[in-house]
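Have a look at the structure below before the remarks.
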Amino acid sequence: MLTRVWLSASLILSMGLGPATAQMTVTESFTGGSNIGGWTYGAPIQVIETSGGNPGAFLHASGLDTFAPMPRTAFNADNVFHGDFRDREVTSIGVDLITIAVDFSAADRPLSIMLVSDNNTPANFNDDWAAYHVGDVDVPVPGQGWRHFDFDIPSQSMTLPAGWNTQGFGPGSPTNPNWNDVITDVDQVRFFYGDPEFFFIFQVWNVGLDNPSITVVPEPTSLACLALAGLAMLRRRLHRPVIRGRQKRLSYSRETRTNAAAYST
Ligand SMILES: [Ca+2]
Ligand SMILES: [Ca+2]
Ligand SMILES: [Ca+2]
């Protein structure tokens with residue numbers, strides 16, 4: 001099923017074959033109105049624009065009255081941005097953001113990433129919590145255009161990684177949340193405009209998001225399938241030059257045969 005998702009038209013799939021590990025990145029470009037992760041700002045006005053993105057289509061939210069925009073995936077949905085990050089060997093998550101307008105200021109807000117756990121009670125939001133990391137790159141301010149963010153996800157760490165913290169969302173959230181519980185069962189990926197522990201004033205935001213991506217180390221079998229699919233695509237693209245090359249070789253060998261025949265007589 002995931003293979004079908006990865007090969008759908010609007011998703012960009014890139015593979016890098018390094019000497020040690022193969023990595024594969026799935027990127028949602030929003031082309032054709034696609035939104036695999038169910039990404040949302042929860043804004044009153046929200047559309048997938050067909051242009052103005054980085055490039056092309058992007059998720060555009062306006063009239064968003066909040067202390068901090070929090071673009072996020074559809075909670076608990078079954079998609080490529082969720083699940084057992086350790087098993088899937090997730091290595092990084094990326095996103096491109098633009099701030100089109102804001103009432104006062106978007107300055108001095110490092111973008112944070114939050115991996116949310118439903119604490120195994122999907123119907124009860126009072127015990128949800130997140131492991132989060134405050135990045136070192138600020139969200140863009142109006143006029144700055146698109147800005148790219150990349151977060152390392154230490155999915156193989158057996159303890160809360162250095163630079164990561166946890167935050168409870170309700171009175172029932174665990175007092176000592178376990179990193180292993182969330183990294184093996186991520187129910188939502190959320191970006192937070194700033195440090196989630198800080199207080200901010202409410203402002204009305206006009207913002208956009210493009211190219212949310214997740215990079216994993218795929219299993220050798222799925223990598224082989226994708227490599228074959230990639231080869232098939234490459235072969236189709238190279239169809240004509242390959243045929244021309246073959247024809248050239250064929251005519252050359254025919255010529256050689258003719259010459260050989262001429263010499264033998
Ligand atoms: Ca796009
Ligand atoms: Ca819950
Ligand atoms: Ca869960």
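The numbers here are math on the coordinates, done by the rules we state, and not lab data. The model shown is predicted, which means the values in this text are computed figures rather than measured ones. Neighbour counts run over all protein chains shown; Cβ positions are idealised from the backbone, glycine included.
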### Task
Set the Förster radius R0 to 30 Å, insert the Cβ-Cβ distance between Phe67 and Thr159 as r into 1/(1 + (r/R0)^6), and round the FRET efficiency to 0.05.
0.45
#### Entry: Chain lengthening between Asp78 and Asn126 when straightened (0.36 nm per residue, less Cα-Cα)
15.1 nm
### Query
For the range 47-147, with the dipole built from +1 on Lys and Arg beta-carbon atoms and -1 on Asp and Glu ones, taken about the Cα centre, which of Met70, Leu97, His133 lies farthest toward the positive end?
Leu97
### Query
What shape does the range 121-189 take by its C-alpha gyration tensor, where a ≥ b ≥ c are the square roots of the eigenvalues and a/c under 1.5 counts as rounded, a/b above b/c as prolate, and the rest as oblate?
prolate
### Task
Under 1.5 on a/c is rounded, so check that first for the range 102-222, then, if it is not, pick prolate when a/b is larger than b/c and oblate when it is not; a ≥ b ≥ c are the square roots of the alpha carbon gyration tensor eigenvalues.
oblate
